[in-house]
Structure formats: C-alpha cells, structure tokens
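A quick write-up on the structure given underneath.
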Amino acid sequence: MRIEIPQKVDNIIEALTEAGFEAYAVGGCVRDVILGRIPNDWDITTSAKPLEIKKCFSRTIDTGIKHGTVTVMMGKAGFEVTTYRIDGEYEDARHPKEVTFCTDLHEDLLRRDFTINAMAYNHKDGLVDIFGGQQDMDRKLIRCVGEATERFTEDALRMMRAVRFSAQLGYTIEEKTGEAIRQLAPNLKKISAERVREELTKLLESPNPSFIEKAHEYGITKIVLPEWDEKVEDGKALRIMKALEASDPDKLIRYTILFDGDAEEAMVVLRRLKFDNDTITKVRKLSASLYKPISANEVSIRKTASLLGRELFLTLLKIQAAIADATKGKQALFSEEEIKKTDMLFRMIAKRGDCLALKELAVTGGDLIECGMKPGKEVGEVLQKLLEIVLEHPEQNTKEFLLTQI
Ligand code: ATP
Ligand code: MG
C-alpha cells in the first residue's frame, strides 16, 4: 500500500534513513491520509535520539528534548520528529512525566491510544499496522491498543479522546473500550482542565457535536461538565443537541448553544476549563443576548450590535438561525424570516457605516474638554449619552450637532 506523503516529510524520513536510522510518519497523519482527510500536522517517529536527529538537519528547534521531540524546519514549515519511546504517566496535553526511549517501532506504537492512531508509514516499508487499525477503520470502530482498562488507567484523558474521535469520524466505540470508559470515567477528575478543554472543544467542533450525549452516557460529563447532566435531567438536552447539529462548527457558536443562554453558567464553566479571557467574554456576551430577541428594525439592531460589536452580532444571528432551524414548527424559538430580515438590515447599516461604538462618534473626549468640560468620569458618561442619541438617529453623528447636546 502506497500513501501520498508531503515531499518535505519524505525528505526528513530520507535524511534520517541515510544517516542509518529508521523513520516513519506516524499516528493521526497516517490515519487521516488513509481516510482522505487533510492531516492537522505530520508527526515523524524515529530510532534516532534527539541529538542524532539534530545532527541530520540544519535548522531544528528543541521542542521537548526530554520527551524526545525535535522540530525540524523545512522552509517555513516545522515537523515534529520524536524518538521511539515508552511513556510514563501523563501530566499535561502532550508530555508524559517521564519517558523511556526505545529502539523498536513496535514498542512506540504500543504506547499509542487507539488502533487507528497506531499506524506508521514510509515508502520503503509501506504501512505498519500491527493492531488492525485498517480493519477498525473499515468497521468504523474506536478500539484501544491493548487492554482498555489498562490504557485508561494510565491516562484517563484517553476516554475523552475516544468520544472525540468517534464524533470527528462518526465511528462507534468498540464494546470493551466502551465498558472500560463506563467503569473508569470518574478518573477524569484527575485530569488537568487544559487537557479536558481541548478534547471537549474538539468534540463540540466536530461534525457530530450531539455525541456529547455519548459522553453523558459513559459518565464523562458527570465529571467534567455536570452542567450538561442537569440539562439532560431538565429535558433541555435534546433541543440543544439539535441546535448544535444545525450550527456551524465554530467554537464560539457551539459553546454558546451548549450553555443555552445562561451567561453566568457559561462564565463559570469556561473559567473552570481555563479558557482565555477573550473566549470567555465573547461567549458570555453572546449568551446574554441569545434569548433577547432583536426586533428587525434598525434602532434595535444598532443597539444590540453596539453591545456586541459587528462581528459578534453576525455570530449571534448565526446561532439564532441554527436554533430556529432546530426548533422549527410548534415550539419555534426564533423566526427564520425575522432573522433573515435582521441580517439584511444589519448589512445595510454596516455598509452605510452607521456609528455603533464610542470610538466612532464624531466627537471625542478631547473635544468635550476643549468645550470646557473637566476631565474625568463625566466625559465618559456624556460620550455614552451621545452614543445613545446616535444609535437612535445615525444621521445626527456630526460634531456640530453633538456639541449642542452636551
Ligand atoms: P488530531 O491532531 O487530529 O487532534 P491526532 O491523532 O494527531 O489527532 P494528537 O494529539 O496530535 O492526535 O497526537 C498524535 C498521536 O500521538 C496520536 O495519533 C496518538 O498516536 C498519540 N497520542 C496522542 N495523545 C495520546 C494519549 N493521550 N495517549 C496515547 N497516545 C496518544
Ligand atoms: Mg495531530
């Protein structure tokens, strides 16, 4: 079996081979190429030790020498090249606490989580698939390499990875693997918030966000997202899942739908998952506006768009459209027509360049002070008042007019 791999990846493999080492593309990239998906990144595994890898290439970065990883630069692109290794306990997303280098590709493949992620390839040896990864692809199965309970005990995050891959690929979790998850899901409480966040986000951004229900059935959300279990009990989950499925695969959109308009909950959960402030603020704002219907008139639209900013306003409309689509019929939460009309009016407002923010006012704080106002809090309050006037009457955003209003 011959697989297409990028020239640069092949060049790296060739250079290592010429220096007397073994080298293969490995893991997610091999899986994705076989499936006809575009890999996120290309990982290379090799018998060479980090210093030996560095000697083979002119430009390298010490990404994780301790863990055996060197990034090899080819032009602007970087490729992670990692020494064959056996992992100790994991402490964060990518790095086990301690690793042991080994000399055999098979041992390196043994440490990997699922059969579909444990295949290696180079042009010389072809596909190395010792655990039946290809067969599991044909059967659309996520199956642990080795004994599932052992593998999940070593690293509990793998349970979330199982559900995430099943959502990304539309695969079923093999029975023993699933049983082990059911049994060991409570161990997820030991996993760092950052690692949980990455997997939950990938699950939600996948083509099957409603697989969050699987995470619930396996007892995963009970540990990492008990807020979801409450929604299941309150009978809200089905509607939310439909909206998730109807929405674009975007982080802000999917999380906002997940929290179903509860800005407080969004903030609490996203903080707990150690999200960046930008994401937290945006999801909180979107959540707060979600169920405050915008009437399709210009003033109402300008007011909401001013609160959210132009980009988030469009995101909000997309979210509402997804909810409208998912709740079509008797319990419709939004009217598709109303959203379309709002979208059209907003685009007109944006094109015309109506003022929507303090910094777009025709007067500045400096202008107010020149007119005799004392610098301080009051300047800001007056500007805010002027913005409210202009949101109602955009044509009044001129310096002459506004200075008569202070
Ligand atoms: P993607 O990059 O699309 O999220 P991936 O399969 O490439 O998926 P990565 O997290 O990039 O996943 O890891 C690369 C490879 O490293 C995996 O395919 C798997 O072989 C191995 N791997 C990653 N995380 C673990 C883990 N927690 N336990 C065991 N093996 C892992
Ligand atoms: Mg990857």
Within the range 35-55, take every residue that is more than 11 Å from ligand 2 (Cβ to nearest atom) and within 23 Å of K140 (Cα to Cα) and give me the one that is surrounded by the fewest Cβ atoms within 10 Å (Cβ to Cβ). G36
Quick check on the range 84-94. Is at least one of its residues within 15 Å of ligand 2 (Cβ to nearest atom), modelled with pLDDT of 95 or more and not polar (S, T, N, Q)? no
Residue pairs within 7 Å by beta carbon, gap of at least six or interchain, first lying in the range 268-281 and more than 13 Å from Y255 (Cβ to Cβ), second charged (D, E, K, R) and in a helix (DSSP H, G or I), listed first then second, are K274/E194; K274/R197
Filter the range 9-34 for residues that are within 13 Å of ligand 2 (Cβ to nearest atom) and among the aliphatic types (A, V, I, L, M); the one that is farthest from I65 (Cα to Cα) is V33
From the list E213, E230, E264, E245, which residue is touching a Ser or Thr at 6+ places or on another chain (Cβ under 7 Å) and not hydrophobic (A, V, I, L, M, F, W, C)? E245
Report, ordered by the first and then the second residue, all pairs with beta carbons closer than 7 Å, sequence separation of six or more or different chains, a first member in the range 151-164 that is free of Cβ contacts under 8 Å to residues at least 40 places away in the same chain, and a second member that is within 16 Å of ligand 2 (Cβ to nearest atom) and not in a helix (DSSP H, G or I). R151/D113
Residue under question is C29, and the condition is that it be hydrophobic (A, V, I, L, M, F, W, C) and in contact with a Leu (Cβ under 8 Å, 6 or more places away or on another chain); does it hold? no
Selection count where residues are within 17 Å of R284 (Cα to Cα) and either surrounded by fewer than 19 Cβ atoms within 10 Å (Cβ to Cβ) or outside the structural domain of L286 (by TED's automatic domain parsing) (or both), scope the range 230-261: 3
Exactly one of these conditions fails for I294: (1) assigned to a helix (DSSP H, G or I); (2) touching a Lys or Arg at 6+ places or on another chain (Cβ under 9 Å); (3) β-branched (V, I, T). Give me its number. (1)
Show me the strands (runs of 3 or more DSSP E) found entirely inside the range 72-182 where at least 1 residues are surrounded by fewer than 15 Cβ atoms within 10 Å (Cβ to Cβ). 77-83, 99-101, 126-128
If the requirement is being over 23 Å from the mean Cα position of the chain (by Cα) and either β-branched (V, I, T) or not assigned by TED's automatic domain parsing to the domain that holds Q7 (or both), which of these qualifies: V128, V163? V128
State which residue pairs qualify: first residue polar (S, T, N, Q) and inside the range 30-41, second residue within 12 Å of ligand 2 (Cβ to nearest atom) in any location, beta carbons under 7 Å apart, and separation of 6 or more residues or different chains. N40/G28
When the range 4-34 is examined, which residues are found to be within 11 Å of ligand 1 (Cβ to nearest atom) and surrounded by fewer than 21 Cβ atoms within 10 Å (Cβ to Cβ)? G28, D32
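The values are calculated or read from the model by the stated rules, or taken from the named source; none is laboratory data. Small disclaimer: the values here were computed from a predicted structure and weren't measured. Cβ atoms come from the backbone with ideal geometry, glycine included; neighbour counts cover every protein chain shown.
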